[in-house]
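One structure is given here, and the rest of the page talks about it.
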Amino acid sequence: MNDSVKFPTNKNYLLVLTVNALVTAALNADTLPGLSELSDSLVRESAIAFVNTTTSPGLEGATLTVDDGDRQSDQWRSSLGFSAEFTLKKHIFNGYWGLAIVGGSLNDKLELTGDSGQPVQIDLTRDVVALRGSFGLSYPMTQHFKLRPYLSLSVSDLQTESIVDGLVTTAPIGSPTTAMVINTSAQMLSTTGSIDALYSRWYDNNRLELSAHYHLIYTDAFSEDNPVLDTDAWNDVLQLKSRYSGPTSLTSMGRPWRWQLYANHTNFLSQDNMSLGYTSLFEFGVGMEWQMNIKPLDWFGWQMLGLKAGVITSSNVEGYFMGLTAR
């Protein structure tokens, strides 16, 4: 653990430093005396919620801003990967697999009140990089409807920097402002059981796609420098997605472009609102997709490559997505 602290050399201050250096991102009454508003459980939930809202299957890129009075935060996530169905001979169902590299960052600024009434400012930055793999089956129930159960395993590296200012208010006259800058890390292993319900139907040259996605996530967290994050938790996420697309007169290399309109809703069902400042998101957008429909290998198919832009909204949340998409 790498700690840097600015305050006078004083036994009382050194005692505070020693205690706080044990657990940095924890920010709770046991390790930060005078700030009982934050608890161990809230710290654990916040860290796991950040990882889940970045690395869970089915989540796409996003940039989010939360403004909730005494809390302002910025979060982004992005991923590079693919998923595909492959043929299982002599079976009515197909196989399904996917692989992705995922990254995200969160800057969370909080203004709290210490136990003695003094203002306390917390500036928390989290960065995560994860590798996720998925494997499962795809069952065609009717001509238009299929179910896809699958398992995903992701390994995440979480880096945290915590800056706490104003907690210690007994500095001698003329001393610099007391601030604690502390860095920690954690590794998280997440196992996710998912089931996707997928419906699609053609109306002449237009296509309607509706889907529901449920993910049950078990997370094991390990940290050598933050005992609070040596924990485990169950969480679940529900996503509802819709897309409507149609043809255009544009072609590239003999292949057509299609327009699309989409609307998505994501609900982090077991996430406490205090963890990140939100529990659900709505996304609305438009896009253009180049219809490729190539399958060089039975294990890999590429339907579309396109551009998409959308707005994301919820209570106290604003956001957007703009970028390249492939499926």
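A short reminder: the numbers here are calculations on the coordinates, not readings from a lab. Since the model is a prediction, treat every value here as computed from it, not as a measurement. Here the Cβ positions follow ideal geometry from the backbone for every residue, glycine too, while neighbour counts run over all protein chains shown.
Within 9 Å, Cβ to Cβ, of Met288, how many net charges do the neighbouring residues add up to if Lys/Arg are +1 and Asp/Glu are -1?
After counting each charged neighbour, the total is +1.
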Exposure proxy ranking, count of Cβ atoms within 10 Å, fewest first, for Asp204, Asp225, Asp230: Asp204, Asp230, Asp225
Stretchable slack from Leu99 to Thr65, in nm (0.36 nm times residue separation minus alpha-carbon distance): 9.4 nm
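Based on the Kirkwood radius over alpha-carbon pairs, what is the Stokes-Einstein translational diffusion coefficient of the stretch 214-298 at 10 °C with 1.306 mPa s viscosity, in µm²/s?
Working: Rh = 16.9 Å.
Reported coefficient: 94 µm²/s.
What ranking do Glu85, Glu60 get, fewest neighbouring Cβ atoms within 10 angstrom at the top?
Working: Glu85 20, Glu60 17.
Least to most surrounded, the residues fall as Glu60, Glu85.
Counting other beta carbons within 10 Å of each residue's own, what order do Phe282, Phe222, Phe50 fall into, fewest first? Before the final figure, lay out each step's value.
On the way: Phe282 17, Phe222 14, Phe50 26.
By the 10 Å Cβ count, ascending: Phe222, Phe282, Phe50.
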